[in-house]
Amino acid sequence: MPEIPAPNYDYNVAEIVKAFKSAVEAIQRELDSFDATDTSRANTQAALAEIAKILASLNAESAKWVEENIPKAARDGVVRAIVSLGVVDTVAEAEKIAKFSRVNANMVKAVIADTQADLLAVTQNIDRRTKQAVRKAVADAQRANMAAGINGRRTINRDTLAGIRRALGSAADTGIIDAAGRRWKPEVYVDMVTRTKLLAAHKEASINEALARDVMYARISRHGAADGCGKWEGKIVKLAPDAPGDYPYVGDLPRNEIFHPNCKHVLSPVRNPDK
């Protein structure tokens, strides 16, 4: 049976990336329009309230996206397993009979929760950084006024005001700082996380569907990878560590070579790996 093309979730990922990018741009406009010379509490609270509103809307949109797209990717994995095993001949037929086992249903819930937590961490970091930037801008403006002996008039040194503006301008640039200390722009991090989670849900669903049908092997997809994934393309792997045969167990594969973040490879279950 010819190999089923690997799934392409570019459009789905582009949707959520666009949502984050638009939200960051809206926050940036809010920060750009923030009057740092007005150090009143009301001015500060108004700016923070508007930013909170933007992020709340983004959180709702991202939660909806996750709840729609993770199950879809997992269902695609089930369909791939069904067709690969010859249960039916076409994807259309497989889609009619595909359903989640209890194991896959629980897996989908877990991936949804993980993905939502990852995206929420991005918005929480933006929220924290923008709050700090706005409050610091106000404090810097107040100190500048006092240092100049103005105390009440809206006259701040041009260089001081430019510095405040620069700090505000960079507040929403970082979506997350990972364990290695790398700073990720929100849209870049969201692209990586969501793409990785979609393919992970697809892969796990294929594995679970195969094991439910007493199939313990799968072939890694092939699409001409130029990185470390290339040497694993087309290879047979075990889906259970105690499966017979001299094949590597999928859970032991080096994550820096295959099924790494942003990896596009998937699994096609096979009943007889020696054929």
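Couple of notes before you dig in:
- Residue in the stretch 21-44 that is in contact with a Ser or Thr (Cβ under 8 Å, 6 or more places away or on another chain), within 30 Å of Y217 (Cα to Cα) and surrounded by 17 or more Cβ atoms within 10 Å (Cβ to Cβ) present: no
- Condition broken by G86, with the remaining ones in (1) within 30 Å of P269 (Cβ to Cβ); (2) surrounded by 13 or more Cβ atoms within 10 Å (Cβ to Cβ) satisfied: (2)
- Residue in the stretch 252-264 that is touching a residue at least 24 places away in the same chain (Cβ under 8 Å), more than 23 Å from the chain's Cα centre (by Cα) and not assigned by TED's automatic domain parsing to the domain that holds V79 present: no
- Scanning the stretch 77-114 for residues that are out of contact with any Lys or Arg (no Cβ under 8 Å at 6 or more places or on another chain), closer than 10 Å to A205 by Cβ and of a type outside the set (G, A, S) gives V79, R80, V103, N104, M107, V108.
- Residue among D214, D173, D140, D227 that alone is acidic (D, E), at pLDDT below 95 and exposed (fewer than 14 other Cβ atoms within 10 Å of the Cβ): D227
- Residue that is farthest from E187 (Cα to Cα) [pool: residues in the stretch 106-120 that are surrounded by fewer than 14 Cβ atoms within 10 Å (Cβ to Cβ) and of a type in the set (A, V, I, L, M, F, W, C)]: A110
- Boolean, A14 is under 17 Å from V188 (Cα atoms), in the same structural domain as I82 (by TED's automatic domain parsing), surrounded by fewer than 19 Cβ atoms within 10 Å (Cβ to Cβ) and among the small types (G, A, S): yes
- I258 meets the conditions (1) surrounded by fewer than 15 Cβ atoms within 10 Å (Cβ to Cβ); (2) part of a loop (DSSP other than H, G, I, E, B) in every case but one. The failed one is (1).
- Inside the stretch 170-225, residues that are under 18 Å from A240 (Cβ atoms), part of a loop (DSSP other than H, G, I, E, B) and either basic (K, R) or under 22 Å from the mean Cα position of the chain (by Cα) (or both) make up a count of 1.
- Condition check for A49: within 21 Å of W184 (Cα to Cα), in a helix (DSSP H, G or I) and modelled with pLDDT under 95: no
- Tabulated pairs, the stretch 209-230, first over 17 Å from R102 (Cα atoms), second of a type outside the set (S, T, N, Q) and assigned to a helix (DSSP H, G or I), C-beta under 6 angstrom, 6+ apart or interchain: I220/W232
- Looking only at the stretch 130-139, residues that are of a type in the set (D, E, K, R) and either outside the structural domain of T44 (by TED's automatic domain parsing) or without any contact (Cβ under 8 Å) to a residue 40 or more places away in the chain (or both) come to 1 in all.
- Selection within the stretch 56-71 - in contact (Cβ under 8 Å) with a residue 24 or more places away in the chain and surrounded by fewer than 21 Cβ atoms within 10 Å (Cβ to Cβ): S57, N59, E61, A63, W65, E67, P71
The values are calculated or read from the model by the stated rules, or taken from the named source; none is laboratory data. What you see is a predicted model; the values in this text were computed from it and never measured. Glycine gets a Cβ as well: all are built from the backbone with ideal geometry, and neighbour counts include every protein chain shown.
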